[in-house]
Structure formats: C-alpha cells, structure tokens
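Remarks on the structure that follows.
What follows draws every value from the coordinates through simple rules; no lab data is involved. This one's a predicted model, so the numbers in the text were calculated from it and none came from an experiment.
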Amino acid sequence: MKPQAMSFMTDADKLAADNLNPARGTVRRIAREVCEYTDTRLEAVMGRDQTPATCRVRELVCYIAERSGLSPNQISRALGKDGSTVRHAIQNEKRRRGEA
C-alpha cells in the first residue's frame, strides 16, 4: 500500500502562489470560466488534448487572455505551450470573429 502524498499547501497558500505569477492565475481563472461555460474539462484544455473541440476552447482561452492584456509569452508559459502556438490560436480566433 502506497503512503498518500501529504500536501503542505493550504488553499490560502495556493491562492497566494497564484498571486506570485499573476499571469498564470489569470489564465487559469479564464480557462476555468470558459470550461464551465463550454462544459469542457479544465485538465483537457490545460493539458495535451488535441481533439478539435478542446483546441477550439483553448484558442478561445488564449484570445480572451490576450484581450485581457496578457502577452502571448505569458499565456504560453501559463498553458505550458509554445509561444507560436498561442499566437496562432489567437489569430485563429480573431479570424473566426472577423477581426483579422
């Protein structure tokens, strides 16, 4: 039987950690809200899932985060993606909206 890993971080500690890197916290909050609205798993959007529906949601998260004032590099670090991937996602969403 494996011993359970003990977490030393309280919920307050996790909130404070999000404040250390405000971009990561902001992108996670945006992703959480978009996932709730679209009924998509947050783990899929923040992870490596490449199904078309998940990619579309991820593109929307990138677009909203950029519109909120975050740079593509900040967004890419928060999502664990490459900067060019995030820039491409933002461009795709802008094209869908007729902005580009």
Worksheet, complete the sentence: Percent relative contact order for the chain, counting Cα pairs under 8 Å at least six residues apart, stands at 25 percent
Practice prompt. Would you compute, from DSSP H runs of 4+ residues alone, the mean residue ellipticity of the chain at 222 nm, taking -39500 (n - 2.57) per run and dividing by the full residue count, rounded to the nearest 500?
Written response: -21500 deg cm²/dmol
Item to complete: Specify whether the C-alpha gyration tensor of the chain places it in the rounded, prolate or oblate class, a ≥ b ≥ c being the square roots of the eigenvalues: rounded for a/c under 1.5, otherwise prolate if a/b is larger than b/c and oblate if not.
Response: prolate
